[in-house]
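K.L.:
Just dropping this structure here.
Where a number appears in this text, it was derived from the coordinates with a stated rule and is not lab data. What you see is a predicted model, and the numbers here were worked out from it, not measured in a lab. Cβ: placed from backbone, ideal geometry, glycine included. Neighbour counts: every protein chain shown.
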């Protein structure tokens, strides 16, 4: 039954949180938790390692309402960690307390989660993505409280549908099946869940992500390293197979064969970085491609505002918050049709990720026709103003209420 007091108390498991994040999951956790607090939901947010969060902007963000509380687990789980990158990090100070593999570390996190669940007072459990699903299941086992599994990405997305890690898939599947309710960030993701994870459609609710409605400051639309009259096409995201950065480069090659006054900026880091740099040389376009590395906050917003077009060529994109950030900054977007955000953004160019000929054609159109660029920018900006974290939080709170009334 729903608790008698008006505030719902949530034990939430995550594994990254701004400013210590390297992707959209941390952004989503920040936006959602901030607005849940504003909706009279109390949250204890459990992170896998101690972070210097108290010195971040979070105190300001949550000053108007009750603060977000944290618990930390002494773990080696890091943002967007993979089995290979975990092994490469090694055990700090040679300590034997860390797991020998990423899977071992996920299990250790789950054991700590059970201890936390035994000592805390809460009404509902909310776990974000596969690294925390075992923690959520463990907390449910000891507390008998309902579990919400929030799916921001699946193993099918991360691998582009190829070479799935079966152990990770089984962890995802067990978490989704053990959950009392599943939240998917898009209908695109819901379809993957219902087709590949053995759950009924009525168990999966879609809660689209939102976007912060105003950038933190105003920036000039100028990048000193780029010639003044050159056009800028932007990619911002992890340099991994899922995000389709190689398709972006092949489209760039086709655009540059038709006009040379274009610079393609790739903002992000990831395991494909060196390969992509080599590919620009092989394609003969290295002089028109800039790799910035991972950017956040002001530097990233400067890029958004400087760009003439933002391109998201993802192979499988559960949502795609970066495209909303681009539109908030007034820059039009070209979206992969294989994305969740394309469900909520209609004022955008759209293309199949694999069709680099059409991708190049649409880039050329956006750069060549000022009226098209302006229309996409103005209408897209107007539409994205309605896609808020507050709406996401209200839907999530309704899911909590429904579970607690059962």
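K.L.:
Averaging over every viewing direction, what projected area does the convex hull of the Cα atoms of segment 295-405 cover, in nm²?
P.N.:
For segment 295-405, averaging the hull's shadow over all directions gives 7.9 nm².
K.L.:
Any chance you could run the full-extension gain for residue 104 through residue 39? It's 0.36 nm times the residue separation minus the Cα-Cα distance, nm to one decimal.
P.N.:
19.8 nm
K.L.:
With a Förster radius of 25 Å, plug the Cβ-Cβ distance of residue 398 and residue 295 into 1/(1 + (r/R0)^6) and report the FRET value to the nearest 0.05.
P.N.:
0.10
K.L.:
Based on the mean of other beta carbon atoms within 10 Å per residue, what is the order of 33-43, 287-297, 324-334, most packed first?
P.N.:
For the peptides 33-43, 287-297, 324-334, the packing ranking is 324-334, 33-43, 287-297.
K.L.:
Which order, highest average first, do 310-318, 169-177, 120-128, 363-371 follow once you tally other Cβ atoms within 10 Å for each residue and take the mean per peptide?
P.N.:
Final packing ranking: 310-318, 120-128, 169-177, 363-371.
K.L.:
Restricted to Cα positions, what overall size does segment 121-172 have along the principal axes? Three whole-Å values, descending.
P.N.:
Here the Cα extents, ordered largest to smallest, are 41, 18, 11 Å.
K.L.:
Dividing the alpha-carbon Rg of segment 100-220 by 2.2 N^0.38 Å yields what?
P.N.:
1.18
K.L.:
Please report, in whole Å, how far the alpha carbons of segment 231-384 spread along each principal axis, starting with the longest.
P.N.:
That works out to 40, 30, 29 Å along the principal axes.
K.L.:
Further, regarding this structure: Throw me the Rg/Rh for segment 158-287, computed over C-alpha atoms with Kirkwood Rh, two decimals.
P.N.:
So for segment 158-287, dividing Rg by the Kirkwood Rh gives 1.09.
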